[in-house]
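First up is the structure itself, then whatever we jot down about it.
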Amino acid sequence: MNAVLRPLKIVIVGHVDHGKSTLVGRLLHETGSLPDGKVETLRAVCDKRGMPFEWAFVMDALQAERDQGITIDTSQIPFKTALRPYVIIDAPGHKEFLKNMVTGAASAEAAVLVIDALEGVQEQSRRHGYLLHLLGLRQLAVVVNKMDAVEFSQARFDEVSAEIRAYLAEIGVTPTEIIPIAARHGDNMVTRSEQTPWYKGPTVVQALDGFQPAAEATDLPLRFPVQDIYKFDHRRIVAGRIESGRLKVGDRLLFSPSGKTARVASIESWNAPAQSVAVAGQSVGVTLDEQIFIERGQIASLLEQPPMGSDLFRARLFWLGRAPLAEGRRYKLKLATAEHIVAVEKVERIIDVTDLATAEGRTVERNAVAEVLLRAAGPVALDPFTDNPRTGRFVLVDQYDIVGGGVISMDGLPDSRCTPSVVGQDLTAVQHKVTPQSRAAANRHRGGVIWLTGLSGAGKSSISMEVERRLFHRGFQVFTLDGDNIRQGLNADLGFGPEDRAENIRRIGEVANLFVQAGMVVITSFISPYRADRDRARAANPTSFHEVWVKAGVEECKRRDPKGLYAKAVAGAIPEFTGISAPYEEPLHAELVLDTEKLSLEEAVDRLIRYIERDMQREPGVDMESRPDASI
């Protein structure tokens with residue numbers, strides 16, 4: 001029966017010299033998993049070099065590793081118990097080779113953390129524990145090795161167990177087992193040791209057999225990253241590896257983030273008959289019923305289960321670069337087969353893996369863990385790691401070196417799903433017979449969107465309403481769309497989560513564009529915290545869109561708190577409140593900045609009116625003396 005089971009992948013990690021390779025070598029020997037004569041050959045090599053035999057040499061296959069006495073690269077070897085087969089990944093423990101450890105752990109389904117009973121929990125032990133958590137591994141057994149060095153002391157085992165259990169609990173990980181072993185002598189590896197009569201738990205093999213296989217990739221939504229496009233005779237074959245889900249002939253595919261769609265005409269494999277179905281893990285080529293243009297890096301999905309398509313996402317990453325990661329720096333992001341240039345928008349927090357303390361900063365040093373915001377030049381097809389690890393994991397590259405890796409989170413950000421580009425293809429816009437030029441001539445000014453953005457309490461509503469009043473009395477066709485007013489009517493059905501906020505701004509952008517087409521000046525007063533949403537509003541009519549940043553810091557807005565909202569948010573009564581528990585992305589290239597910490601209301605209003613009059617090119621000719629409030 002075992003011959004047909006899929007091997008379960010286990011990574012072995014721990015501080016350097018805590019005995020990981022010794023554990024694996026002894027385990028393979030005890031279970032009869034080594035080739036005949038392997039141990040004898042290694043003993044002969046050790047005798048020839050005049051050095052004592054070590055079980056670690058079973059795994060330390062590289063000449064450099066034998067010379068240095070450390071594991072440099074990850075080694076993967078098959079291993080079998082009476083229950084099922086495994087692939088054991090022996091990862092390096094030395095701090096300089098953490099990149100290799102991350103590579104090994106990324107493909108594992110469970111982990112074993114090795115801790116020296118004499119040395120106890122070290123910084124690298126904690127770092128490895130946090131990295132396993134970062135990579136999404138939740139099945140973790142801890143072995144306290146070299147118990148012979150502490151005379152199999154139960155008190156010392158309990159002390160080390162309590163320390164590592166407390167640390168793991170802080171990051172939300174509960175070890176399945178904590179096992180006292182002496183790997184060199186085989187104690188508690190396969191059979192229970194007489195040296196630890198006080199220990200009643202499982203052996204290492206029993207603990208491994210208690211791990212559960214990860215959910216099958218075939219049960220997840222289809223993700224088929226495009227590796228390449230091949231042309232054979234009249235056919236164009238889209239080739240790649242199915243990372244998750246199932247694919248069958250007749251499926252309508254959405255290629256993200258381009259939005260192109262087509263049906264699967266055939267599924268083909270090299271030197272094999274065509275097939276009707278393919279599943280996760282298979283490398284296949286597909287032909288489509290339409291000749292659409294797609295490129296390497298796009299991800300094919302079923303139409304009803306698309307990935308996200310966002311230019312902004314959060315990342316929990318481990319930094320490996322010799323130069324620090326820094327806000328504003330640009331790196332190449334590799335996700336599946338795609339490559340994107342991303343900029344570090346913000347370092348949100350830096351995590352000290354030794355005590356899990358968090359700190360603020362704009363740079364992340366080597367071997368540190370951080371949570372950052374990354375922004376790409378355009379939409380990236382991705383999934384949150386918790387939804388689909390295969391398209392929620394990435395690496396960062398600087399020049400030609402891998403400098404970081406991590407997992408994607410969309411917490412607090414809009415759920416922007418990729419959509420087909422063909423939506424609305426059967427609609428035809430009706431052309432107006434009144435031209436924008438005719439409206440401008442009648443109004444004696446052009447239409448435009450004055451988009452006020454800023455934190456709650458920065459002064460947006462006060463400025464917009466006063467500007468509207470003054471412009472109206474100067475003869476402008478003007479109207480203000482205010483956030484609170486709109487949410488009581490047009491957008492009364494929306495909440496304040498990231499998705500609803502994005503939809504709120506999308507609707508306002510469309511409404512504002514209608515005002516512009518009518519020849520009016522429309523002033524919008526919305527927090528609009530996400531830069532991508534403001535950019536989307538601008539895209540509706542780029543030449544008539546004017547972003548105005550009403551600038552004031554969080555502390556000043558909290559001091560003003562005109563509606564009492566900050567007090568409620570700090571008390572936890574308002575979830576996802578911008579500036580407190582939700583982000584605000586400052587404009588990068590606003591047409592006008594009104595710093596209300598330095599400007600009075602009167603000064604801010606005057607500056608905005610001068611800007612509008614200058615840009616909208618209003619012509620003189622209206623007798624203002626006959627209007628009310630002509631002195632304004």
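Read-outs: derived from the displayed coordinates by stated rules, not from any lab. Computed from a predicted structure; not experimentally measured. Here the Cβ positions follow ideal geometry from the backbone for every residue, glycine too, while neighbour counts run over all protein chains shown.
Take the Cβ-Cβ distance between Arg6 and Ser153 as r, set R0 to 41 Å, and report the resulting FRET efficiency rounded to the nearest 0.05. Spell out each step's value before the answer.
Numbers: r = 40 Å, r/R0 = 0.97.
Once the sixth-power term is evaluated, E becomes 0.55.
Go through 379-391, 17-29, 150-162 and give me the packing order, highest mean Cβ count within 10 Å leading.
On the way: 379-391: 22.0, 17-29: 24.5, 150-162: 15.8.
The densest-packed peptide leads the list: 17-29, 379-391, 150-162.
Kindly give Rg over Rh for region 217-302, based on alpha-carbon atoms, with the Kirkwood expression for the hydrodynamic radius. Could the numbers behind the result be given before it?
On the way: Rg = 11.4 Å, Rh = 12.5 Å.
Expressed as Rg/Rh, it is 0.92.
Give, rounded to the nearest 20 debye, the magnitude of the charge dipole that region 405-544 has about its Cα centre when Lys and Arg contribute +1 at Cβ and Asp and Glu contribute -1 at Cβ.
Values: 17 positive and 14 negative charges, 163 e Å.
Result for region 405-544 is approximately 780 debye, rounded to the nearest 20.
Using a simple spin-label model with points 7 Å from Cα along the Cα→Cβ vector, what separation in nm is obtained for Arg487 and Glu510?
2.1
Please give me the summed charge of the neighbours of Arg362: other residues whose Cβ is under 13 Å from its Cβ, Lys and Arg +1, Asp and Glu -1. Can you show the working numbers first?
On the way: positive: Arg329, Lys346, Arg349; negative: Glu327, Glu345, Glu348, Glu360, Glu365.
In short, -2.
Sorted from fewest to most neighbouring beta carbons within 10 Å, what does the list Lys248, Lys200 look like?
Numbers: Lys248 13, Lys200 7.
Ordered by Cβ neighbours within 10 Å, fewest first: Lys200, Lys248.
Give me the one-decimal nm value for the distance between modelled label points at Asp561 and Arg614, 7 Å along each residue's Cα-to-Cβ direction.
It works out to 3.8 nm between the two label points.
How much length is gained on full extension from Thr218 to Glu586, taking 0.36 nm per residue of separation minus their Cα-Cα distance? Can you show the working numbers first?
Working: separation 368, 0.36 × 368 = 132.48 nm, distance 4.12 nm.
Here the segment from Thr218 to Glu586 would lengthen by 128.4 nm.
Over the Cα atoms of region 436-626, Rg to Rh with Kirkwood Rh, two decimal places? Before the final figure, lay out each step's value.
Working: Rg = 16.7 Å, Rh = 17.1 Å.
My calculation of the ratio gives 0.98.
With respect to the cross-link table entries Lys260/Lys332; Lys20/Lys80; Lys231/Lys260; Lys460/Lys568, which display a Cα-Cα separation exceeding 22 Å? Display every interim value, and only then the final one.
On the way: Lys260/Lys332 25 Å; Lys20/Lys80 18 Å; Lys231/Lys260 19 Å; Lys460/Lys568 20 Å.
From Lys260/Lys332; Lys20/Lys80; Lys231/Lys260; Lys460/Lys568, over 22 Å: Lys260/Lys332.
Report the local net charge at Val190: Lys and Arg +1, Asp and Glu -1, summed over other residues whose C-beta lies under 13 Å from its C-beta.
On the way: positive: Arg26, Lys80, Arg192; negative: Glu30, Asp187, Asp209.
Around Val190, the charge tally is 0.
Could you tell me the ratio Rg/Rh of region 313-409? Both radii from Cα atoms, Rh via Kirkwood. All intermediate terms of the calculation are to be shown ahead of the outcome.
Details: Rg = 12.5 Å, Rh = 13.3 Å.
On the Cα set of region 313-409, Rg over Rh gives 0.94.
Once you have the Cα-Cα distance between His473 and His432, take 0.36 nm times their residue separation minus that, and quote the gain in nm to one decimal. Don't skip to the answer; put the middle values down first.
Details: separation 41, 0.36 × 41 = 14.76 nm, distance 2.87 nm.
Once the chain is fully extended between His473 and His432, it gains 11.9 nm.
What is the distance, in nm, between label points placed 7 Å from the Cα along the Cα-to-Cβ direction at Phe232 and at Gln291?
1.9
With charges only on Cβ, +1 for K and R and -1 for D and E, what is the dipole size of region 313-409 about its Cα centre, in debye, rounded to 20? All intermediate terms of the calculation are to be shown ahead of the outcome.
Values: 14 positive and 13 negative charges, 55 e Å.
Approximately 260 debye in magnitude.
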